[in-house]
Amino acid sequence: MKQINKIIVVPDSFKGGISSKIFCNISKEAIHNIFPNAQVVTIPIADGGEGTVDAYLSSVGGKKVSTIVKNPFFEDMESFYGILPDKTAVIEMAACAGLPLASGRENPLVTTTYGVGQLISHAVNAGCSRIILAMGGSSTNDAGCGMASALGVKFFDAQNKEFIPSGGTLCEIERIDTHGLKLHIPVTAMCDIDNPLYGKNGAAHVFAPQKGADEAAVKLLDDGLRHFAGLVKDQLHSDVELLAGGGAAGGLGAGAVCFLGADLKMGIQVLLDTNNFDRLLSDTDFVITGEGRIDTQSLRGKAVIGVAKRAKYKNVPVIAFVGDIGDDIDEVYELGVSGIFSINRVAVPYEKAILRSENDLYLTIENVLRFIKNMC
């Protein structure tokens, strides 16, 4: 019988249900029940939104640092970031500019990423040598101008008056002065969308309505992003007009590139690289992954596919445990997924299924592992 020595568990969360950390814990328990001597490596995934710092600290180690910064409405709040053992700072923009922080007064015309710049500045002053900027879950649409302002960039209007632009005032920028910007460490921005900065598929039209923008506000925001793109092209020689992912987090993707020189990368790839995933695969028997739903959207590089592509290159099988399985997903098998299993053991409405999801996940994983053990 073939011995199962090592299994990697690297799941995304089930939105509204099982967190990636809980998924890891459940998997570890099920694995050790069937393969008690197997080494289990757990890597919880976060998509760049709320929980990203905790996911990194849980998988890599390090510490969480607290500091006072500005919230989306330029009010003081206590926020945080993570410092990994190699002095990489993980900045979660949602920790100071996230949509939940604007609850009840959502307005992307006025919200700011200023606090994000303050977190970056604090991390640099703490001796960090690299920044990972997680860009999910924003309440903002300011193209990262607030962040840039906190880092020393100056913006001037037609009267040559300095101001901090927000989504609603991007069109008022006439001149940008970056001489005060002193950030000389590499920045990697986690980006799980490929939307451009402006236009019908841009930040304002696609994402601003869920942040509180009505039709008139969307037009104003989109005009502002278009104006911003033209300015940075002319004045900073940075072309972000068609940048894939430039529209992430209300244009923070574009702002991170033109102000910080950031490298935009899919969030799952950044996390796997940070955890040395390719090296971990070298002696792994198989990988367990999962997400709430696998469908055609998953093919664009989300967690399961990102994991599967890496594992396929090393000839390591991948088992995906999910809530729902969409139609027309045969391509996932070509990309490296060996098998997909839904954890829904009983046909009940979502409201009831979510209440039993953790136990169903455990039983489904255990059941598949029993089959593997009998086949070894």
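Points to keep in mind about this one:
- Selected residue (criterion: surrounded by the most Cβ atoms within 10 Å (Cβ to Cβ)) from residues of region 296-337 that are part of a loop (DSSP other than H, G, I, E, B) and touching a Lys or Arg at 6+ places or on another chain (Cβ under 9 Å): Val337
- When we screen Gly250, Gly212 for residues that are crowded, with 17+ Cβ neighbours inside 10 Å, within 29 Å of Thr88 (Cβ to Cβ) and modelled with pLDDT of 95 or more, the only hit is Gly250.
- Test result for Leu231, touching a strand residue (DSSP E or B) at 6+ places or on another chain (Cβ under 8 Å), surrounded by 15 or more Cβ atoms within 10 Å (Cβ to Cβ), in the same structural domain as Gly117 (by TED's automatic domain parsing) and not in a helix (DSSP H, G or I): no
Table: residues versus (1) within 24 Å of the chain's Cα centre (by Cα); (2) more than 21 Å from Glu92 (Cα to Cα); (3) in contact (Cβ under 8 Å) with a residue 60 or more places away in the chain; (4) assigned to a loop (DSSP other than H, G, I, E, B).
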| residue | (1), (2), (3), (4) |
| --- | --- |
| Ala30 | no, yes, yes, no |
| Pro36 | no, yes, no, yes |
| Ile45 | yes, no, yes, yes |
| Asp54 | yes, no, no, no |
| Thr67 | yes, no, no, no |
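- On the stretch given as region 355-376, residues that are surrounded by fewer than 17 Cβ atoms within 10 Å (Cβ to Cβ), more than 16 Å from Phe35 (Cα to Cα) and not charged (D, E, K, R) total 2.
- Of all residues in region 38-70, exactly one satisfies the criterion of being over 17 Å from Ile268 (Cα atoms) and modelled with pLDDT under 95, namely Gly61.
- Selection count where residues are farther than 27 Å from Thr113 by Cα, within 15 Å of the chain's Cα centre (by Cα) and either surrounded by fewer than 20 Cβ atoms within 10 Å (Cβ to Cβ) or of a type in the set (Lys, Arg) (or both), scope region 253-295: 0
- Residues within region 70-90 that are part of a loop (DSSP other than H, G, I, E, B) and exposed (fewer than 14 other Cβ atoms within 10 Å of the Cβ), tallied: 3
Yes or no, residue by residue, for (1) of a type outside the set (A, V, I, L, M, F, W, C); (2) touching an Asp or Glu at 6+ places or on another chain (Cβ under 8 Å); (3) free of Cβ contacts under 8 Å to residues at least 40 places away in the same chain:
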| site | (1), (2), (3) |
| --- | --- |
| Ser238 | yes, no, yes |
| Leu243 | no, no, no |
| Gly246 | yes, no, no |
| Gly253 | yes, no, no |
| Asp263 | yes, no, no |
| Phe277 | no, no, no |
| Gln297 | yes, no, yes |
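- Any hit, region 2-21, residues being in contact (Cβ under 8 Å) with a residue 12 or more places away in the chain, in contact with a strand residue (DSSP E or B) (Cβ under 6 Å, 6 or more places away or on another chain), assigned to a loop (DSSP other than H, G, I, E, B) and not assigned by TED's automatic domain parsing to the domain that holds Arg279: no
The values are calculated or read from the model by the stated rules, or taken from the named source; none is laboratory data. What you see is a predicted model; the values in this text were computed from it and never measured. Every residue, glycine as well, gets a Cβ built from its backbone with ideal geometry; the counts of neighbours run over all protein chains shown.
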